[in-house]
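**Student:** Sharing a structure here in structure tokens format.
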Amino acid sequence: MTGSDFLQLDPSQTPRNGRTAWLAERLRAAITDGTLGVGARLPATRVLAADLSMARGTVAEAYKRLTEEGLLVTNQGGGTTVADLPVSAATPPLPHLREASPEQPLLEVSSGMPDLTSFPRAAWLRAERQVLATAGSEELGYADPQGAHRLRVALAGWLARSRGVSVAADRVIITAGVTGALSLLAQVLRDRGVATCAIEDPGADGNRRILDYWMDDITPVPVDEHGLDVTGLAGTGERAVLITPAHQFPTGVVLSPQRRRELLTWAQEVDGLVIEDDYDSEYRYDRTPVRAVHAGAPERVAHISSLSKVLAPALRLGWLIAPQALHDELVRKRWATDLGSPALPQLALAQLIESGTLERHLRSLRLRHRERRDAAVDAIERSLPGCAIEGIAAGLHLVVRLPEHLDDAEITARVRQAGIQVQPLSQHRFNPGPPGLVIGYGPHPIPRLQQAIKSIGEAIRPLLRQR
Ligand SMILES: Cc1ncc(COP(=O)(O)O)c(C=O)c1O
């Protein structure tokens, strides 16, 4: 038996380009669906490279990536085996879609999640070990409520490189994700008499619910193919707005340069605040990441983001860069709430950024998500012919438009019967609008994604023909 037989790889399918990503994806799928069980020994890099007619370095790099992800381990003698990790807890084996019940959705292709199986477990452990080996005992005491200075310095550099945000470390506030930043801002705005806020419609349902909780009222403003309708915003009389300009959630549009200018003029004229949720701008597949709106008017924009899409939501690590006029009050509010975020994970993250590991991880994740995006688009074109697909140039999700006569909430209930959890576009709407599905392609290996989309197609196709 050859190395490629063992892995059920067909050498004739080896692509010409992107071979490392291809091989890593195939191996990952084989591990997560149980084809390669815990402890299974992989062929030597030389053997597999010869079988697949690829360079030995390519195979070694694919093994290295999966070792970084914690899926493989290198043994003392140099052999490589499947790691003894609770992989099944992170990625359940390929489900039997027909056995789904409404109470138990089997496969969630909802928006927003990155590929959590690729969390760099080994690198994170190394960073934590390094922090524990070097941190002084004073670092185990009460920390600065604004966040660890070392992380704020590392983040200031990262934000300048990745988003064009130029900020001094003493203006960065570490928060519990975007959500922590948003609730802090909402409370401080309320204290100042701004108890209502404009939001995008459609816009992220989760953010809307947080603002709804903290504020007296929220006002929807329509989004079109250029992004938020700023003339509509000006008509609301609001003085604060929450917006996703780099990659509008859920439609995927980028706020046009003209609208950016209008937005900043609006903020100036009403003495207002733009809350910029830059939740996933690292994932652009068509061009370099879009520059943050914050860069154009730092005293009118509160820039918020997190590592939920790049590392994992479970870290609850994010940041907030606010206008000087709000900064001290925000830090005071954080101090009075909980004295700030835990220090040790902050130091581990700083270590990951300083060593370049985060940027390397992001580069490989971008490739993986892009491959999954391509596979999802392909599968949708085959399974839902005639349905437009939008928002594919960036992020971790896309939108499938449905014919006007369909109710997307009913469609998702039907798809759920087939064992697939998917979000209706209406879930993210304030006012009624055209139907659609929001599909997240980040977390699933390609075969599972293809199978899920095929099942979605089977559930919907009969309805597409009805009128
Ligand atoms: C639009 C948007 N903003 C922000 C977030 C991330 O929130 P957090 O950083 O609190 O995990 C999400 C998560 O899905 C999102 O969809």
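The values are calculated or read from the model by the stated rules, or taken from the named source; none is laboratory data. Keep in mind the model is a prediction, meaning the values are calculated, not measured. Here the Cβ positions follow ideal geometry from the backbone for every residue, glycine too, while neighbour counts run over all protein chains shown. We work out accessible area using only protein heavy atoms, side chains counted, and drop any ligands, DNA or RNA first. Shrake-Rupley method; radii C 1.70, N 1.55, O 1.52, S 1.80 Å.
**Student:** Mind putting a number on the dipole of the stretch 122-355 about its Cα centre? Charges go on the C-beta only, +1 for Lys and Arg and -1 for Asp and Glu, and I need it in Debye to the nearest 20.
**Tutor:** On the way: 24 positive and 30 negative charges, 139 e Å.
About 660 debye.
**Student:** Would you mind pulling out the separation of the Cα centroids of the stretch 179-215 and the stretch 233-253, in Å?
**Tutor:** 12
**Student:** Could you check the simple spin-label distance between Arg190 and Leu463, using points 7 Å along Cα→Cβ, in nm with one decimal?
**Tutor:** About 3.8 nm, to one decimal.
**Student:** Please report, in debye to the nearest 20, how large the charge dipole of the stretch 235-305 is about its Cα centre when each Lys and Arg carries +1 at its beta carbon and each Asp and Glu carries -1 there.
**Tutor:** 240
**Student:** Using square roots of five times the C-alpha gyration tensor eigenvalues, list the equivalent-ellipsoid semi-axes of the stretch 122-355 in whole Å, biggest first. Could the numbers behind the result be given before it?
**Tutor:** Values: eigenvalues 186, 78, 43 Å².
That gives 30, 20, 15 Å for the three semi-axes.
**Student:** Net charge near His294: determine it from the other residues with C-beta under 15 Å of the C-beta of His294, scoring Lys and Arg +1 and Asp and Glu -1. Please list the in-between numbers first.
**Tutor:** On the way: positive: Arg161, Arg163, Arg171, Arg260, Arg261, Arg291, Arg300; negative: Glu276, Asp277, Asp278, Glu299.
Neighbourhood net charge equals +3.
**Student:** Still on this model: Given the chain, what percent of its DSSP beta bridges are antiparallel, to the nearest 5? Intermediate results must be reported in sequence, preceding the final value.
**Tutor:** Values: 25 of 43 bridges.
That works out to approximately 60 percent antiparallel.
**Student:** Sorting check: for 148-157, 20-29, 39-48, which peptide has the highest mean count of neighbouring beta carbons within 10 Å, and how do the rest follow? Working shown, then result.
**Tutor:** Values: 148-157: 20.6, 20-29: 22.4, 39-48: 17.2.
Taking the mean over residues of other Cβ atoms within 10 Å, the ranking is 20-29, 148-157, 39-48.
**Student:** Convex hull volume of the Cα atoms in the stretch 367-467, per residue, in Å³?
**Tutor:** Details: hull volume 9.2 nm³, N = 101.
Looking at the stretch 367-467, the number lands at 92 Å³ per residue.
**Student:** Something else about it: Go through Asp216, Asp338, Asp51 and list them by solvent-accessible area, largest first, probe radius 1.4 Å. Show your work: numbers first, answer last.
**Tutor:** Values: Asp216 105, Asp338 75, Asp51 45 Å².
Sorted descending by solvent-accessible area, the residues read Asp216, Asp338, Asp51.
**Student:** How far is the Cα center of the stretch 13-42 from the Cα center of the stretch 426-466, in Å?
**Tutor:** Going from one Cα centre to the other spans 27 Å.
**Student:** While we're on this one: Can you compute the charge dipole magnitude of the chain about its Cα centre, using +1 on each Lys and Arg Cβ and -1 on each Asp and Glu Cβ, nothing else charged? Give it in debye, rounded to the nearest 20. Before the final figure, lay out the partial values.
**Tutor:** Numbers: 52 positive and 54 negative charges, 275 e Å.
Approximately 1320 debye in magnitude.
**Student:** Continuing with the same structure: When Lys and Arg each count +1 and Asp and Glu each count -1, what net charge do the other residues less than 12 Å away from Ser341, Cβ to Cβ, add up to?
**Tutor:** Numbers: positive: Arg152, Arg316, Arg334; negative: Asp144, Asp338.
Summing Lys/Arg as +1 and Asp/Glu as -1 gives +1.
**Student:** What are the trypsin sites (Lys or Arg not before Pro) within the stretch 261-345 that DSSP puts in a loop, where the Cβ has at most 11 other Cβ atoms within 10 Å? Let's see the in-between values first.
**Tutor:** Values: sites: Arg261, Arg284, Arg287, Arg291, Arg300, Lys309, Arg316, Arg332, Lys333, Arg334; in loops: Arg287, Arg291, Arg300, Lys309, Arg316.
Within the stretch 261-345, the qualifying trypsin sites (Lys or Arg not before Pro) (loop, at most 11 other Cβ atoms within 10 Å) are Arg287.
**Student:** Something else now. Could you compute the net charge surrounding Val47? Neighbours are other residues with a C-beta less than 15 Å from the C-beta of Val47; K and R count +1, D and E count -1. Let's see the in-between values first.
**Tutor:** Details: positive: Arg41, Arg46, Arg56; negative: Asp5, Asp51.
Computed value for this residue: +1.
**Student:** Could you check how many percent of all C-alpha pairs in the stretch 260-318 are farther apart than 15 Å?
**Tutor:** Above the 15 Å cut-off, the stretch 260-318 has 56 percent of its Cα pairs.
**Student:** Sticking with this one: Once the Cα gyration tensor of the stretch 17-85 is diagonalised, what are the square roots of 5 times its eigenvalues, in whole Å and ordered largest first, as equivalent ellipsoid semi-axes?
**Tutor:** On the way: eigenvalues 64, 38, 22 Å².
They are 18, 14, 10 Å, listed largest first.
**Student:** Given the stretch 116-244 reduced to its alpha-carbon atoms as identical point scatterers, what log10 I(q)/I(0) does the Debye formula return at q = 0.15, 0.21, 0.23 Å⁻¹?
**Tutor:** -0.94, -1.25, -1.31
**Student:** Considering only protein heavy atoms, what is the solvent-accessible area of Leu125 at a probe of 1.4 Å, reported in Å² to the nearest 10?
**Tutor:** Taking all protein chains as shown, Leu125 has close to 90 Å².
**Student:** Using 20 Å as the cut-off for backbone N distance, which residues of the stretch 181-201 belong to the label zone defined by a point 7 Å from the Cα of Ala336 along Cα→Cβ?
**Tutor:** Of the residues in the stretch 181-201, 181-196 have backbone N under 20 Å from the label point off Ala336.
**Student:** Sticking with the crude label model, points 7 Å out along Cα→Cβ, report the distance from Ala409 to Gln324 in nm, one decimal please.
**Tutor:** About 4.8 nm separates the two model spin labels.
**Student:** So how compact is the chain: Cα radius of gyration and Dmax in angstrom?
**Tutor:** Values for the chain (Cα only, Rg and Dmax): 23.3, 73 Å.
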